[in-house]
Structures are given as C-alpha cells and as structure tokens.
Amino acid sequence: MTHNGTNGTDVNRRRAQIAVVGGQSAGKSSVLENFVGRDFLPRGSGIVTRRPLVLQLISASAEWAEFLHCKGKKFTDFDEVRQEIEAETDRATGANKGISPVPINLRVYSPNVLNLTLIDLPGITKVPVGDQPVDIEQQIKDMIMQFITRESCLILAVTPANTDLANSDALKQAKDVDPQGLRTIGVITKLDLMDEGTDARDVLENKLLPLRRGYIGVVNRSQKDIDGKKDIRAALEAERKFFFSHPSYRHMADKMGTPRLQRVLNEQLTNHIRDTLPAFRSKLQSQLLALDKEAEEYRGYRPDDPSRKTKQLLQMVQQFSVDFEKRIEGSGDQVDTVELSGGAKINRIFHERFPFELVKMECDEKEMRREISYAIKNIHGIRTGLFTPDMAFEAIVKKQVIKLKGPCIKCVDMVIQELINTVRQCSNKLDCFPRLQEETERIVTAHIRDRESRAKDQVLLLIDVQLSYINTNHEDFIGFANAQQRSSQTNKSQSSAGNQVIRKGWLTINNISIMKGGAKEYWFVLTAESLSWFKDDEEKEKKYMLPLDNLKVRDVEKSFMSSKHIFCIFNTESRNVYKDNRTLELACDSQDDVDSWKSSLLRAGVYPEKTVTVESETTTTADNFSMDPQLERKVETIRNLVDSYMAIVNKCIRDLMPKTIMHLMINNVKDFINAELLAQLYSAGDQNALMDESQEQAQRRDEVLRTHQALKEALAIIGDISTTTITVPVPPPVDNSWCAGGRRSPPPSPTAPRRMSSGQRPAPRGAPPPPNRPGPLGPFNNSADSPQAPSRPNRAPPSIPSRRPPPSPTRQAPP
C-alpha cells in the first residue's frame, strides 16, 4: 500500500498505534532502537521497561527528541533521552523495580524514520523482584491489555527464535484480543542465536503456527555489540548480510530485516487507519450534528448586545417558570428516578408525614384517663357528683386541640423547605448568568418567606376556630348515650378488630447474633393485636408472632458501620420481647420508612417511649390510686366522647391543612413567578449586569466553536485520506486452530517441525506448503513484490552444504 501524504495519518496517529508485546529480553527495545537508528532506551538485566513508552516517530529534516512532560525542551543528545526515561520511570515507580501503567510520551524527529507511533510495553515476568507486587505477572498482563484491546491498535508480537513459539505469551495475548488476526504482526528475533542445525524458515514462511499477516525476522545487536558501541547502521548492514548469506533465509532476504519491518508497519498502520475511517467518520459526523445547533447560536453571538440580553432575560425567566410548575405539578419529561422531589415530596408531607405527626401527638391511655379523672373531681369539688360533667369533656378536648398547633406548624415548615429546594434546583439552569441566578433565588425565596408568616397565621386561626366552639351536635359525634353504650362494647369491638391488617412490608431484624446467622430480612405483618414476621411475602412460613401488649417504640442511634436506619420495640415490664432479647431492633433503608412504620405502630397502639423525669415519676407514683366503679364509668364515657370529637377535629384539620397551604403558599408562589418575577428583576438593578455571562459559559462557547471547526476540518482530512491512499485487501484467513480453545499444538503438517529450538530440526527445504494455506510471508502474498511459494525443491548452493536432514516418516505433531 502506498500513500501520497502524511497529513491524514498524522492526525490519526494518536488513535492508531502499534503496541510492541513480548516477554522479558525478547528484543523489543532493540527493535525500537533499530527503527530510530539511535541508542536511547535503558538497558540492564531483569525488567528494564517498567512504564509504557509511547514513541511517536516523525519524519523531519533534523534530528531531535521531545518529552510530553518536558514541554518546550529539545533533546539532541540521545544519551540524555535515556537518562530522562530512567529518571521519569523512577519518579513514578521508585528505583527498586516497581511498575506503573502511566505512560511516558516521547516524540523523535529524524530524517531516518518513517511516520509511526509505537508503544513499548513491559515484558511479561513471572517472579516478582524488589518492590514488585506478588501479582506482578497479572498486573503487567492487565497493563498490556489496556492498549491491545483497542480496535485501533496494531499488535507487534515479538518472540525470540531460540524459544518454543507455541509457548509465546505475546502470541497468546494477541490471539485473545484479535482472534481473526487482523491486527497482529509476528516478529521473530535472535535468529542468529539459534542452535546449530536449526532454523526458523517454516515460521517465517508462515507454515508453522501461521498468522494472517505473517512473520518478519530481524537480527538485533548482541550484548557484546552494545557494550562495544557498535553503530546501529553497521548492525543493520550486518543484519542484511546475515539474511542474504544464510542458506535458509536468502531466498526471502528482501522480505526480512528491520527496514522491511519499518515499511510494513507504516503501510499496515496507514491501511489500518483507512479501514477504521468509516466508523471514525460516522462518530465525527454525529458529534458535529450534536454541536450544529449550539454552534449556530454562538456563531453570531455578541455578549454586549443589549437587545440580545433583553431577549435572553425573557427566555430565562419563562423557562424558570415552566420548570418550577413542572416540578410542582409533575411532568413526564426529565423524571427523577433517584428520590422524591418537588410536588411528589410535598404530597408525601401532606398524606404521610403530617398524619404521622398527628398520631404521634396522641397521649398515653393511662395518662388520658388520669387527666379525665382529675378534671371530673376538680369540677365536682367538695361535692360528690351524680352525673358526668360536660365541662370535663370540654376541658380535655380543648387541651387536645391546642396540641395540634405543633404538627400543623411543622407541616408548614416542611413544605417551605421543599419549595426553597425546588427553587434552587430550577435556578441551576441559570448558572451561566450568576447574577441572574442569585437575584432570582433571592426574590423568590423572599416571597416564600413572606407567605410563610401568612400561612402560619391562617393555620393557627384554624386551630383557634376549633377551640372557639365545641360542636357536640355534629352528625358524626356519638353523644353521651352512645358513649356509655360503647363502653360496654369495647371488648367486643377490640376482639373483632384484632385481625385487621394495618401494614405489611420488609424489615431487617438487626440484633440477631452472628452465631445465629446475623441480621436477616423478613416479611412483617402488623395487625391491631400482633406483629408477625414470615420468611417471605408469600406468608406461608411464619417465623414468630409478637403480641402488642405492653410494647413501646424508641429510636436507636444509627450504627457507624451500617447504612440502615434503626428503631426498636421493647416491653414496658422489662420482659423479653423475642427469645432471649429484651428489645427487637428493626432496620429500614431510609428515615422515611422508619417514620412510616412508627406511624403504623401508633395506629396499632404501640406508642413512642417518653422521657420521664424523676420529679414527674415521683408524683405519678404518689398519685397512683384506684378509681371507684362509678368514677371509672364516668371516665370511660368522657374518654369515648373525647375520642369521637377529636376524630372529627383531626379529620377536619387533615383536610384543611393541604388546602390552606396550597392556596396561600404553593399556588401563590406559582402566580408570583409567572406575573411578578420579571418586574422584580427589572427593578432589582442594571439589567445588563444581570445578564453578564460567567467565565465558564464564555469558555464553553469558545470550546464549542473550536470543537465544531475542528470536527469540520477532521472530516475534510478524512475525505482527503480516502482519495489519496490506496489499500491492499486483507490477507485471507489462516488455520489458527493451533491456539483455539487453549491448544498449543501447531497445525497438522507432515513436514512441519514441532519446535524451532535446539534438538529438533525443521522439514526439508523442498517440502511444499500444505494445501489451503497462505504461502511464505502470508501478509505479502497480495503485493506485487511478494515471494511465491517455491514450485520445486530449492537446493543449497554447493559452497554452503545444507545441514537439514531428510524428514522422519514417524514424526508427528504434538497433541
């Protein structure tokens, strides 16, 4: 493949790269140095490359190097380049063989290189040394995978010729991420170090363990050559002589060596870029389309234009009004699936939190009866009354009605807080104009606070209205006669209501010891008489049933290690509640769930624990006396009357509170935002100052315009690449069953040797390649200058006797 320019490929170099993969001392660094023609990489024993090195080779008229972490500094001495690589590696990993996945970026400009971007990766090691972790092998493999799993990355799998190719980690990893072999090129090093009488001809001809793009052999400098400062140019000439003089390689010598590898990599990289262009072009076009509308708005944008500021102010206020109304009234677009907010949360306050506060306010049954008995006795005074006094009823009712003020005021406070949160969420869309966002929040919040006082006054007025007249003629009020009759039917009604289910749901029993299995989740069923729990919500396997007699509820401090919210149930007579436990700790996922369960328990008669002072406890003990039967009947009658009337009052308050808050606060705030917010903003000060955009918005505008222009230029360059480059078809697939399913054996061939190391000899030179398999140098068979498979046996020249023995008829491929 050829190309007539490098502009297109240069743009995409950062996306298309070549990763050099191989074991320790496989010769990866030497291959890279041969590409550059300079000694610039660290050397030594053990693991030397301890960070990925992204090496970008750029053809230029002069020769120098640059590091990304040393911007603006040019290195002309390549010994200094080596020292900087070592120093930068030690800065990230320490000096004791540690590793790091953070790459070092190096650019080399030279007239002796072709445009390539290569990544030198650490060699795969098995045993940790120095400061290396125990899982060093897995860490290096993961590091390599980060690069070679990218579809835009070609893989240069480097394997020494004097090792067993079937056990090559580089080929195994390449095969894992590139099973079709479209991105993998094999490189065989150390051909000059093979045992006498052996060669790698069948590997280089792509007959043994074939790759779709084949193998290229190279000969690097030996350690003796490096120590002797042998020039790389001289080494490349020696490599050329080696291939042309070796009897096994000279027929394909022009397809071997470092220069050939450079050209092939450059061609394959450019070809690979071209192959990935359709998907890349589609991605760029989608990004361009997404930015078109925004870029069009910004293109003629003048920040100081007064007419533009006025128009945008109107649009922003209108959008704020629409967003606020959608959050309160509900909307199908932009639904929050994480938590309740806006109108949904206010609805929960109205119909769950507020009723819970009302129920929680109810006093203890014994305390209520004691207050009624005191009221009756105090009203009779010194005399012994014959009839139940109605003044005792009014006194107790008024005391209970006054207690409603606390829950009602708390309900208003919760709604106000949610309204302020909603305003803040809606104003976040104005953050590109900080002054406008600040003024909008201030004006609307001030109006909410103004309406707060009026709403609370109206709520207190509702309570005062209830106190002003006790309407005993209400149609739902039972009256004295029915109250006395109900007293005699109390036991019957309780037994009939005992099986009524109040609530069901999942709860976690938190105080089960670890020895007994630890905390577990069960399905709980709460009735008027008991709390039962089952294995699951099918309610077939009941674990326990706990009667509600003498039970109370108290909060438990949240555990440091637990994310759940906990409350507990205990017996007021200090008895065990559940097996050997004095308390039953129950856990929920949120505080709202805890409040909801406590409200349900209140309905079942399980009240919260109250803190009792020493003084009140002493008084209670002293005044604890038994009532005579007549007084007890009077107390029970008034108790039933109070329950009946307070049920009427609670029903009325629960109905009027949401209506009052909606009218005086929520609807009023919506009307204010629609009708008066804009006028308030105009009167707040200079409108031009309100619409001064933030620095982030200015940067965003510039970035959008730059990105839009860069995308258009990139698409133009891609179009130029498509017309100025030609491509070669991908080589046909090869038989890669040698590594399918973890198998390490080569393809069955009567002429192919099992190894290319000492003691085992390859097939005779004259053996033809197996049928349906690419010929020598598979990836180049489609090129005009590719060598073809020999049609007749090649014979060694008389001056160089062949050492290749005749094939053994009993030799078989390994299992």
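The values are calculated or read from the model by the stated rules, or taken from the named source; none is laboratory data. Here the structure is a predicted model, which means the values were calculated and not measured. Here the Cβ positions follow ideal geometry from the backbone for every residue, glycine too, while neighbour counts run over all protein chains shown. Heavy atoms of the whole protein, side chains included, go into the accessibility calculation; ligands, DNA and RNA do not. Shrake-Rupley method; radii C 1.70, N 1.55, O 1.52, S 1.80 Å.
How large is the dipole of region 170-227 about the Cα centre if only Lys and Arg carry +1 and Asp and Glu carry -1, each at its Cβ, rounded to the nearest 20 debye?
In total the dipole reaches around 380 debye.
Under 1.5 on a/c is rounded, so check that first for region 133-194, then, if it is not, pick prolate when a/b is larger than b/c and oblate when it is not; a ≥ b ≥ c are the square roots of the alpha carbon gyration tensor eigenvalues. Oblate.
Mind ordering 468-477, 198-207 by average Cβ neighbours within 10 Å, highest first?
By packing density, highest mean first, the sequence is 198-207, 468-477.
The amide H of TYR544, built 1.01 Å from its N in the peptide plane, has TRP533 as neighbours under 5 Å, considering only residues 5 or more places off or on other chains. Pairs from the list LYS405/LYS651; LYS520/LYS540; LYS172/LYS255; LYS360/LYS634; LYS360/LYS410; LYS504/LYS543 with a Cα-Cα gap above 19 Å: LYS172/LYS255; LYS360/LYS634. Modelled this way, with points 7 Å down the Cα-to-C-beta line, the labels at ILE420 and VAL465 are 2.8 nm from one another. Which of rounded, prolate or oblate describes region 42-190 when judged by the alpha-carbon gyration tensor and an a/c cut-off of 1.5? Since a/c reaches 1.5 but b/c is at least a/b, the shape of region 42-190 is classed as oblate. Each residue of region 141-156 is assigned a 3J(HN,Hα), and the resulting list reads 4, 5, 4, 5, 4, 4, 8, 7, 6, 5, 5, 8, 10, 7, 10, 9 Hz, derived from the Karplus form 6.51 cos²θ - 1.76 cosθ + 1.60 (θ = phi - 60°), x at Gly and Pro. Residues whose amide H comes within less than 5 Å of that of ILE502, counting only those at least five positions distant or on another chain, are LEU526, THR527, ALA528 (H built at 1.01 Å from N in the peptide plane). Site pair HIS663 and GLN287 shows an inter-label distance of 5.9 nm when each label is modelled 7 Å from Cα along Cα→Cβ. Based on protein heavy atoms only, region 126-221 ends up with 34 Å² per residue of surface accessible to a 1.4 Å probe. Annotation: amide H of ILE216 within the under-5 Å range of GLY186, VAL187, ILE188, sequence separation 5 or more or interchain, hydrogens built in the peptide plane.
Across region 537-567, the residues whose backbone nitrogen lies under 14 Å from the label position 7 Å along the beta-carbon direction of ASP589 are 563-565. Which residues does the label zone of LYS520 cover in region 544-580, counting backbone N under 12 Å from a point 7 Å along Cα→Cβ? Inside the label zone: 544. Shown for region 162-215 is the translational diffusion coefficient from the Stokes-Einstein equation, using the Kirkwood radius over Cα pairs, a temperature of 10 °C and a viscosity of 1.306 mPa s: 134 µm²/s. Taking each residue as 0.36 nm, the span from LEU68 to LYS141 lengthens on full extension beyond its C-alpha to C-alpha distance by 23.8 nm. Taking a ≥ b ≥ c as the square roots of the Cα gyration tensor eigenvalues, with a/c under 1.5 meaning rounded and otherwise prolate when a/b beats b/c, else oblate, which class fits region 568-610? Taking the square roots of the gyration eigenvalues as a ≥ b ≥ c, region 568-610 is oblate.
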